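The values are calculated or read from the model by the stated rules, or taken from the named source; none is laboratory data. Remember, it's a predicted structure, so these values are computed and weren't measured experimentally. Cβ placement follows ideal geometry from the backbone for every residue including glycine, while neighbour counts extend to all protein chains displayed. Please note that ligands, DNA and RNA were not included when accessible areas were found on the heavy atoms of the full protein model with its side chains. Shrake-Rupley method; radii C 1.70, N 1.55, O 1.52, S 1.80 Å.
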Amino acid sequence: MLDTLMLSRIQFATNISFHILFPTITIALCWFLLFFKIRFDQTGDPIWMRAYRFWVKIFALTFALGVVSGITMSFQFGTNWPGFMETVGNIAGPLLGYEVLTAFFLEATFLGIMLFGIKRVPPKIHTLATAIVALGTTLSAFWILSLNSWMHTPTGYEMRDGVAFPVDWFAIIFNPSFPYRFFHMLIASAITASFLIAGISAYRLLRGDNKRAPKLTLKVALTAAMLLTPLQAFVGDLHGLNTLEHQPQKIAAMEGVWETEQGAPLLLFAIPDEETRSNHFEIGVPYMASLILTHDMNGEIKGLNEFVGKHPPVKPVFYSFRIMVGLGLFMLLTAWVARLTLYNRNELPPWMLKVLVALSFSGWVATLAGWYVTEIGRQPYLVTDILTVKQAATDIASSNVAISLALYSIVYIGLLYAYLHTIFVMARRAVEIEEISDNEMNKSTLNTLENNHV
């Protein structure tokens, strides 16, 4: 039977993997909703409100699951990782508190206006509520990623009797890896939301929905994806340079470099072997890893053998990185081909629509792979050079952790199935709704007149 430490790690990985799926969508989806709402206010065209009404329901569903799964995450700090708060609670506690005070309250309060206030408050107030919720989702990401980044590159603290105390909050919040990790995550969320909108819109079109709304949202989503995917590659490069500076052992694991070398090849495929500390069946491009990571073909990359006992498990980091990059490149290619095809032909062929449907949740896979690289790449530390995972773990009976892990897994599988099923049911029902009702048209005319009068 697995020991308590391993079961706790598996349980935390299960919880974070499930939880991160939903903020990955909501962080950016609300900005899409704000765009739809502003376009409606500007043009009075009811098609923008139709798009808003459809996607705000998906946003609310996703937000609810994110909140529920986030609560269980905080429980585990006490039940499975008591050493974490005992050692760095003076820093982690306030940052988590700031997230609740500045972000969650904004989201929870103004979400009600977004959902139920369309007919009850003036259009400008409703648009403002949408903007505040969008700001709240971004603020939430700001504080969570600040804490997570601090755990990778801790600064602004001092140790007293084995406990970390803050001495410079600015240095803690804006630690060396935070800007790169924050923007990398925001863009990842935007790409995830773009492909979700494009995929569900394509699904509706394949189901025979010839209305303007899915065509419009498909065009908006593909435009966003086309612009954001190359930007993500650029930010990812900057993030890699930062990681090379502060966590060279993680880079070595990502690239499968065992001995320090100059002009390291970019391994397209290999099978890392930690027993022999070598790779099998290498397929690589000479000098490319050094060129990408140091911007010098003969740049030096430190090998894993310089970090014996202090580097992460190599295989999961190595393979997860290639899944993230490979899928990201495919998403970039798909976004550009689909958007240019849509520009030239004003419609997509069925096979391309099917590809977009298949990629509806591709952002989830790429984001999870990236998070595995990030979090597994920090091992054996929970907080770099301060606290190891083993030191933070609970000493309760392994059977207790096994029971909670099993229950979490069952509930999460059920919730995930229900979530995916509900989204596609909503899409199928949207196909049956008429283009624009007379009531909506009349209201849009009144709104336009009111806006012009104002």
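Would you be able to say whether some residue in the stretch 90-109 is among the small types (Gly, Ala, Ser), within 30 Å of Val121 (Cβ to Cβ) and part of a loop (DSSP other than H, G, I, E, B)?
No, that holds for no residue.
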*If you take the residues in the stretch 294-350 that are of a type in the set (S, T, N, Q) and over 30 Å from Trp258 (Cβ atoms), which one is surrounded by the most Cβ atoms within 10 Å (Cβ to Cβ)?*
Thr334
_Which pairs turn up if I take residues in the stretch 57-82 that are modelled with pLDDT of 80 or more and look for partners that are charged (D, E, K, R) with beta carbon separation below 9 Å, at least 6 apart in sequence or on another chain?_
Phe63/Glu107; Val67/Glu107; Asn80/Arg9; Pro82/Asp395
_Hits in the stretch 158-182 - residues which are over 16 Å from Leu368 (Cα atoms), of a type in the set (A, V, I, L, M, F, W, C) and open to solvent by 10 Å² or more (accessible area, probe 1.4 Å)_ = Met159, Val163, Phe165, Val167, Trp169, Phe170, Ala171, Ile173, Phe174
_Any chance Ile251 is touching a residue at least 12 places away in the same chain (Cβ under 8 Å) and either open to solvent by 40 Å² or more (accessible area, probe 1.4 Å) or under 30 Å from Leu34 (Cα atoms) (or both)_ = no
*open to solvent by 40 Å² or more (accessible area, probe 1.4 Å) and either closer than 30 Å to Asn400 by Cβ or over 25 Å from the mean Cα position of the chain (by Cα) (or both): does that describe Ile91?*
no
_Among the residues that make up the stretch 139-157, is at least one of them over 26 Å from Thr374 (Cβ atoms) and either open to solvent by 10 Å² or more (accessible area, probe 1.4 Å) or not acidic (Asp, Glu) (or both)?_
no
_Options Ala358, Ala335: the member that is under 27 Å from His239 (Cβ atoms) and under 24 Å from the mean Cα position of the chain (by Cα)_ = Ala335
*Under the condition of being touching a strand residue (DSSP E or B) at 6+ places or on another chain (Cβ under 7 Å) and not in a strand (DSSP E or B), which residue from the stretch 144-161 is farthest from Gln247 (Cα to Cα)?*
Gly156
*Determine whether the stretch 339-350 contains at least one residue that is among the hydroxyl-bearing types (Ser, Thr, Tyr) and in contact (Cβ under 8 Å) with a residue 40 or more places away in the chain.*
no
*Give Ile323, Ile292 a once-over and let me know the one that is aliphatic (A, V, I, L, M), free of Cβ contacts under 8 Å to residues at least 60 places away in the same chain and in contact with a strand residue (DSSP E or B) (Cβ under 8 Å, 6 or more places away or on another chain).*
Ile292
*Filter the helices (runs of 4 or more DSSP H) completely within the stretch 199-312 down to those with at least 1 residues that are touching a Ser or Thr at 6+ places or on another chain (Cβ under 6 Å) and among the small types (Gly, Ala, Ser).*
212-246
*Counting only residues that are surrounded by 12 or more Cβ atoms within 10 Å (Cβ to Cβ) and either under 18 Å from Ile323 (Cα atoms) or under 32 Å from the mean Cα position of the chain (by Cα) (or both), how many does the stretch 259-285 have?*
15
_Could you check the stretch 17-46 and list, in sequence order, the residues that are surrounded by fewer than 17 Cβ atoms within 10 Å (Cβ to Cβ) and of a type in the set (A, V, I, L, M)?_
Ile38
*Out of curiosity, is Ile433 at pLDDT below 85 and open to solvent by 50 Å² or more (accessible area, probe 1.4 Å)?*
yes
*Among the residues of the stretch 351-367, which ones are in contact (Cβ under 8 Å) with a residue 60 or more places away in the chain and either open to solvent by 50 Å² or more (accessible area, probe 1.4 Å) or touching an Asp or Glu at 6+ places or on another chain (Cβ under 7 Å) (or both)?*
Lys354, Ala358
_Going through Ala141, Ala193, Ala164 one at a time, which residue ends up being in contact (Cβ under 8 Å) with a residue 40 or more places away in the chain and not in a helix (DSSP H, G or I)?_
Ala164
*Please identify the pairs in which a residue from the stretch 198-211 that is under 14 Å from Leu359 (Cα atoms) has its Cβ atom under 6 Å from the Cβ atom of a residue that is of a type in the set (A, V, I, L, M) and open to solvent by 30 Å² or more (accessible area, probe 1.4 Å), counting only partners at least 6 apart or on another chain.*
Gly199/Val357; Ala202/Val357; Tyr203/Val357
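Quick grid of which residues meet (1) buried (at least 20 other Cβ atoms within 10 Å of the Cβ); (2) on the phi < 0 side of the Ramachandran plot; (3) touching a His at 6+ places or on another chain (Cβ under 9 Å):
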residue	(1), (2), (3)
Trp48	yes, yes, no
Phe59	yes, yes, no
Thr62	yes, yes, no
Gly66	yes, yes, yes
Ile71	no, yes, no
Trp81	yes, yes, no
Gly97	no, yes, no
Leu101	no, yes, no
